[in-house]
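Visitor: Take a look at the following structure, please.
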Amino acid sequence: MEKGEQKEKPANEPVALDEKDKSILRLLQDNAKITVREIAAQVHLSTTPVHERIRRLEETGVIRQYATLLDHSKVKKGLLAICYVSLKEHNKKSGARFIRVIQEMPEIMECFIISGEFDFMLKVAVENMDAYYDFHVNRLGQIENIGHVQSTFVMGVVKQSHQLIF
């Protein structure tokens, strides 16, 4: 390797974080609207190094995005369902096709590739049971290569967090 040339790191390689980075991340996870000045005061650094650390955390993908979390019941999305989906065919092409189609469905908040009896787990938010029925029959059920779908309905939320703790 020539001088000045850097070896590219794999996208999923962990990033080294010191205690100041972790403190900054805890504060941002708790309140993404916190100012750099407020963070600097709490982590005992000046604003410039805090800003540089945040920029580095964004550039390395540690911070993927900033988001506003909504109360689903207050925006007419009061029914949450977890859908377990298995595909008939298990190959790269059919899996990619399924993923492409569900990416376009706004009712699906999250999709996980899972192991076990099912291939995917979907978190779905809709207004009510009629809307879920329509989604299940007319949208999800129409996707090519769907083998089996099992739905479970969320009756209450005991704990919900988007924070990673260090």
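The values are calculated or read from the model by the stated rules, or taken from the named source; none is laboratory data. Keep in mind the model is a prediction, meaning the values are calculated, not measured. Because the Cβ atoms are built from the backbone with ideal geometry, glycine has one as well, and the counts that use them run over all protein chains shown.
Visitor: Name the one entry in V137, V158 that is free of Cβ contacts under 8 Å to residues at least 24 places away in the same chain, of a type in the set (A, V, I, L, M) and not assigned by TED's automatic domain parsing to the domain that holds E89.
Guide: On the way: V137 fails: not assigned by TED's automatic domain parsing to the domain that holds E89.
V158 is the lone residue from the list that is free of Cβ contacts under 8 Å to residues at least 24 places away in the same chain, of a type in the set (A, V, I, L, M) and not assigned by TED's automatic domain parsing to the domain that holds E89.
Visitor: I'm told T48 meets every condition in (1) assigned by TED's automatic domain parsing to the domain that holds A131; (2) over 29 Å from F135 (Cα atoms); (3) not small (G, A, S) except one. Can you identify the failing condition by its number?
Guide: (1)
Visitor: Just for the range 28-67: of the residues that are without any contact (Cβ under 8 Å) to a residue 12 or more places away in the chain and among the small types (G, A, S), which one is surrounded by the most Cβ atoms within 10 Å (Cβ to Cβ)?
Guide: That would be A40.
Visitor: Which condition number does L70 fail, the rest of (1) surrounded by 12 or more Cβ atoms within 10 Å (Cβ to Cβ); (2) closer than 30 Å to V15 by Cβ; (3) among the aliphatic types (A, V, I, L, M) being met?
Guide: All conditions pass for L70, except number (1).
Visitor: Of the residues that make up the range 92-105, is at least one part of a strand (DSSP E or B) and modelled with pLDDT of 95 or more?
Guide: no
Visitor: Within the range 62-80, does at least one residue satisfy the condition of being at pLDDT 95 or above, under 20 Å from L164 (Cα atoms) and assigned to a helix (DSSP H, G or I)?
Guide: Checked against the condition, which is being at pLDDT 95 or above, under 20 Å from L164 (Cα atoms) and assigned to a helix (DSSP H, G or I), the range 62-80 yields no hits at all.
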